[in-house]
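Presented below is the structure to which this report refers.
The values are calculated or read from the model by the stated rules, or taken from the named source; none is laboratory data. None of these values were measured; they are calculated from a predicted model. Glycine also receives a Cβ, built like all others from the backbone with ideal geometry; neighbour counts cover every protein chain displayed.
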Amino acid sequence: MKIVDSVNEMMKISQTYTGKKVGFVPTMGFLHEGHLSLVKQACKDNEIVVVSIFVNPTQFGPNEDLDSYPQDLQKDSSLLKAEGVDYLFVPKAVDMYLKGFETSIHISHLTDHLCGYYRPAHFDGVVLIVNKLFNVVKPKKAYFGRKDAQQFRILRRMVKDLNMGVEVVEMPIVREKDGLAMSSRNVYLSAEERKNALALHEALTYALNQIKSGRIDAHKIRLEAMNIMRKHPLIRIQYFEVVDEKTLQPVSTVDSKVIIATAAFVGKARLIDNEITEP
Ligand code: PAF
């Protein structure tokens, strides 16, 4: 596995692929089994696999965890090498965002609800960096986890709207044995917080089962699920919503495919999780 830290060098490499199937997994590092499931799929589907690690400053708000975001490049690179990744791209922020950088991209509507409402500039930062990474790495396929269901739907819109010619693949959420969705931010949790954090999965499972058993009153189900989370004193709910799977608009009745999504702070960790189901 070759480690590439210069944007120019990565662009030179991506000009040499000549017709090969190139898979790409963009990450912010501190890799866990969730990331590795994307990497494994990319290695299965493609002839060349590129993984990037870049903690992208433009997707963090002013009071968020940019400066403390966990990092362990040595461990990450040995995990990726063992998976058979060809290139690990680790650009520096000054190289990705050159002096005088002025471009922005905004995707409307899909960014209005869920995380987009509470993190107003977040998805502008995500689409900008993914766009730039696609231009540098030039993949045919790119892999993202369903834990960030809103992010995936926004990126899918972007590649379609901008004719980017990259196939985006959504991969299932990978969970710990007890149900907690894997996240690099789980490392922030104390033992007590870790126990409380299970309530996200518990509340989502409750809502999922209610819909599976035939209930369609999204509003009531949402309130009941939030009450489950409120029993856990260390949780501060940011949102718990039932939204249309395509438009991400909140629904009052479940009559088509929906995403049940939640975000909550547990200590300093902001955790997200979701389930997708149909009536
Ligand atoms: O999902 C992530 O880890 C990030 O949002 C991404 C897609 C790597 C962009 O920085």
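Go through the stretch 190-210 and give me each residue that's among the hydrophobic types (A, V, I, L, M, F, W, C) and either closer than 14 Å to Leu180 by Cα or at pLDDT below 95 (or both). Can you show your working first?
Start the filter on the stretch 190-210 by keeping residues that are among the hydrophobic types (A, V, I, L, M, F, W, C), which leaves 191, 197-200, 203-204, 207-208.
Within the stretch 190-210, Ala191, Ala197, Leu198, Ala199, Leu200, Ala203, Leu204 meet the criteria.
Kindly indicate whether Asp244 is without any contact (Cβ under 8 Å) to a residue 24 or more places away in the chain and surrounded by 14 or more Cβ atoms within 10 Å (Cβ to Cβ).
Details: without any contact (Cβ under 8 Å) to a residue 24 or more places away in the chain: yes; surrounded by 14 or more Cβ atoms within 10 Å (Cβ to Cβ): yes.
So Asp244 fits the description; yes.
Within the stretch 111-153, take every residue that is touching a helix residue (DSSP H, G or I) at 6+ places or on another chain (Cβ under 6 Å) and part of a loop (DSSP other than H, G, I, E, B) and give me the one that is farthest from the ligand (Cβ to nearest atom).
Among those residues, the one meeting the criterion is Lys138.
For the stretch 87-104, name all the residues that are touching a residue at least 24 places away in the same chain (Cβ under 8 Å) and out of contact with any Asp or Glu (no Cβ under 9 Å at 6 or more places or on another chain).
Initially, the stretch 87-104 is screened for residues touching a residue at least 24 places away in the same chain (Cβ under 8 Å), giving 87-93, 95-97, 103-104.
Once the filter is applied, which keeps residues that are touching a residue at least 24 places away in the same chain (Cβ under 8 Å) and out of contact with any Asp or Glu (no Cβ under 9 Å at 6 or more places or on another chain), the stretch 87-104 yields Tyr87, Ala93, Met96, Tyr97, Thr103.
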